[in-house]
Structures are given as structure tokens and as C-alpha cells.
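Peer 1: Got a structure for you, written out below as C-alpha cells; questions coming shortly.
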Amino acid sequence: MQLKGYYINLGSCVERNNKMRQQLLELGVAEQYQRFEAISGQDRLEHSQTKLTPGHLGCWLSHQELWSEAEKTGSHLHVMEDDAIIGKLLLTTLKSIELEDTSWDLLFTDAYFHPSPSPEQFERLRRLKQDFYNNRKIALVDLKNISFTGTSSYLINHRSARKLIDLINGKWNSNLTIDVYLQKLVSQGRIKAYVTIPFLSAIGPENIASTTGSQGPALPALNAFRESWYYDSAPQEIYARIKPCKCDTGTEPMLGIYLELLRNVLGTIASNTNFESS
């Protein structure tokens, strides 16, 4: 697969830029990835007819601009935000992966499963991750029926670039962030998107923030659930960090993290619901 790489970085975020450059240097791919100066949403907000924050608008415009690059170059693009963590497995996988050019539009290497997959979806995903540990097999999972958010690391098919630009251009006036709007298009079948299982990228703990608009009690569980799908994660340690009862020593870690996510999501829903007696 012929690829070009970019990472999006604000001029003011010098430390993040330095960390990303160091990461790419250590992996030996610094020459294959270029920094893309993030677009300032504050400069465009007045003329954009949106209720998005300047940061969310800038994120939308930056990704859209990079998609134009894919159309121009004729190469698939690997787009990252500057808080992404990648490893050698991602790079070797991208070199060897075989996807027909017409069969996909976007390929995510990590995401938030938000608010949570169904029990059936979770069990399927868990088995696919276990298959990786048993056979080193990386699965590509169709996201059409899975709720997800996040744009920290993904591939864009150069043949799909124009279609994608046309689908999202100006749609910031929907007041949805770009990842939520993309998920909407994927669920409608207008975009064909996949995610790798396990995840081949992650985001640093110090940079974890909600892309879902949720800052409530479910956020730590959402972050832990996302972290647990990374190929180099330690689910047992993650579960030990968030489990409500430290005496629990028998629950399988991935299941325990999932159950904790469900508990927090349902608790958040209940706390936001007014129950009136009739």
C-alpha cells in the first residue's frame, strides 16, 4: 500500500510537535511523515455559521484540508493528530495490508467505541483481539453498525477523497464535531469505514480528553475501554485501575472493563433522567 503520512499540530503546541517528531525518528519514518499546521478555528468562526467551539471547527477544517492532499497526490494518506502513539506493528501492518482501492474509504487504527458496543459486538471484538494474541492476525472490522468517535489516527483512500470532501464540506453548520458527523455517514452507509482490531495506535494518558462531549463519571471508563483495545496494552493493569471492588480477582480483564463501562454509562443515563411517579 503506497502511503504518505501527516500529523496535525497547532503552532502553539511545540511540546507535542517535539514528542511526535521524536517518536517518528525512533521508528525510522521521520522522512515519511510531514507536519501539517493545524487551521485555527478562531480565525474562521465568524464566517462559518456554526456553534462548534474554535477548537472543534479548526479540527474539522484541518482534516478536510488534508483530504484534498490525498486527492492531489494519488496516494493513500495516514493522518494523525499530534497526541497519537504508534508503534512498529502499525508501520509493518500498513506495508503489508491488502485492501482493494474500491472497497474502503477510511481505515481507523483506533477509536472510541461510544457510548458502548452491544454485548454481542463486544464478544466478537474480544475474540478478534484474542485471535491476534494467538495467531498475530489483525482483523478489519466494518464500523457501519458500531457507534464510534475519534480521528486520532486513520487512513484515507485517495480514490475516496473527493467523495469525502463533498460529503462533509460546510457540514460544520450541523454543529456536530467531524468525528460524530463521520460516524453518522458511516452508519448511513454513505462511507465505508473499518477499524483494526486490535488497535494499532493509541493516545497518551496525559492527552486523553473526551471527544464525545461527555465529562461525567463515564469518561474514565470510556478512556480505559479505548486503551484496552491497543495491541500493546495491559488489560489486567487497566482493570485494576478502574474496578470498583479491589477484592475482585476472578473477572476476565477485558470483560471487567466492559462491565465497568456499562455501569458508568447506565449510571450517567439514569442521573440525567427525571423519573416521575404517576
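Peer 1: So what J values fall out for region 153-168 if you push phi through Karplus, 6.51 cos²θ - 1.76 cosθ + 1.60 with θ = phi - 60°, rounded to Hz, Gly and Pro as x?
Peer 2: 7, 7, 9, 10, 6, 4, 6, 9, 4, 5, 4, 5, 4, 5, 6, 10
Peer 1: Separate question: Please list 3J(HN,Hα) in residue order for region 176-184, calculated via the Karplus relation 6.51 cos²θ - 1.76 cosθ + 1.60 where θ = phi - 60°; whole Hz, with x for glycine and proline.
Peer 2: Couplings: 9, 5, 4, 5, 5, 5, 4, 4, 4 Hz.
Peer 1: When N is the residue count of the chain, what does its C-alpha Rg come to as a fraction of 2.2 N^0.38 Å? Don't skip to the answer; put the middle values down first.
Peer 2: Values: Rg = 19.0 Å, N = 278, 2.2 N^0.38 = 18.7 Å.
Cα Rg divided by the expected 2.2 N^0.38 Å: 1.02.
Peer 1: Count the net charge of all other residues whose Cβ sits under 12 Å from the Cβ of Arg21, scoring Lys and Arg as +1 and Asp and Glu as -1.
Peer 2: -1
Peer 1: Springs between alpha-carbon atoms under 10 Å, Gaussian network over the chain: tell me which of Lys95, Lys184, Lys129 tops the mean-square fluctuations.
Peer 2: In the Gaussian network model the winner is Lys95.
Peer 1: Tell me, what HN-Hα J-couplings in whole Hz come from the Karplus equation 6.51 cos²θ - 1.76 cosθ + 1.60 at θ = phi - 60° for each residue of region 47-57, using x for Gly and Pro?
Peer 2: Going residue by residue, I get 9, 9, 6, 9, 9, 5, 5, x, x, 5, 5 Hz, with x marking Gly and Pro.
Peer 1: Which lysines does Lys171 reach when only Cα atoms under 24 Å apart count, and residues fewer than 8 places away in its own chain are ignored?
Peer 2: Lys51, Lys72, Lys144, Lys163, Lys184, Lys192
Peer 1: Tell me which aspartates and glutamates have Cα within less than 13 Å of Lys243's Cα, excluding those fewer than 8 residues away on the same chain?
Peer 2: List returned: Glu252, Glu260.
Peer 1: Something else now. Taking the Cβ-Cβ separation of Glu37 and Leu219 as r and a Förster radius of 41 Å, what is the calculated FRET efficiency to the nearest 0.05?
Peer 2: Once the sixth-power term is evaluated, E becomes 0.90.
Peer 1: While we're here: Identify the GluC sites (Glu not before Pro) of region 49-126 meeting these criteria: DSSP loop state and at most 10 other C-beta atoms within 10 Å of the C-beta.
Peer 2: Passing both the DSSP loop test and the Cβ count: Glu98, Glu100.
Peer 1: Now for a separate question. Using just the helices of the chain, give the 222 nm mean residue ellipticity in deg cm²/dmol: DSSP H runs with n ≥ 4 each add -39,500 (n - 2.57), and the total is spread over all residues, rounded to 500.
Peer 2: After summing the helix terms and dividing by residue count, I get -13500 deg cm²/dmol.
Peer 1: Considering the chain as a Gaussian network with a 10 Å cut-off on Cα pairs, which listed residue, Gly189, Gly250, Gly11, attains the greatest mean-square fluctuation?
Peer 2: With Cα springs under 10 Å in the chain, the top fluctuation among Gly189, Gly250, Gly11 is at Gly250.
Peer 1: Kindly work out what percent of the DSSP beta bridges joining two residues of the chain are antiparallel, to the nearest 5.
Peer 2: Here the share of antiparallel DSSP bridges comes out near 50 percent.
Peer 1: Under a cut-off of 17 Å between alpha-carbon atoms, report the lysines in cross-link reach of Lys19, not counting same-chain residues fewer than 8 places apart.
Peer 2: The qualifying lysines are Lys88.
Peer 1: Can I ask one more? Report the gain in length on full extension from Lys19 to Ala240: 0.36 nm times residue separation, minus Cα-Cα distance, nm rounded to one decimal.
Peer 2: The span from Lys19 to Ala240 would gain 76.7 nm if fully extended.
Peer 1: Turning to a different aspect of this structure: From the Cα gyration tensor of region 1-82, with a ≥ b ≥ c the square roots of its eigenvalues, which class applies: rounded if a/c is under 1.5, or else prolate if a/b is larger than b/c, or else oblate?
Peer 2: Oblate.
Values in this text are rule-based calculations from the coordinates and carry no lab data. What you see is a predicted model, and the numbers here were worked out from it, not measured in a lab. In this analysis, Cβ positions are derived from the backbone assuming ideal geometry, glycine residues included, and neighbour counts consider all displayed protein chains.
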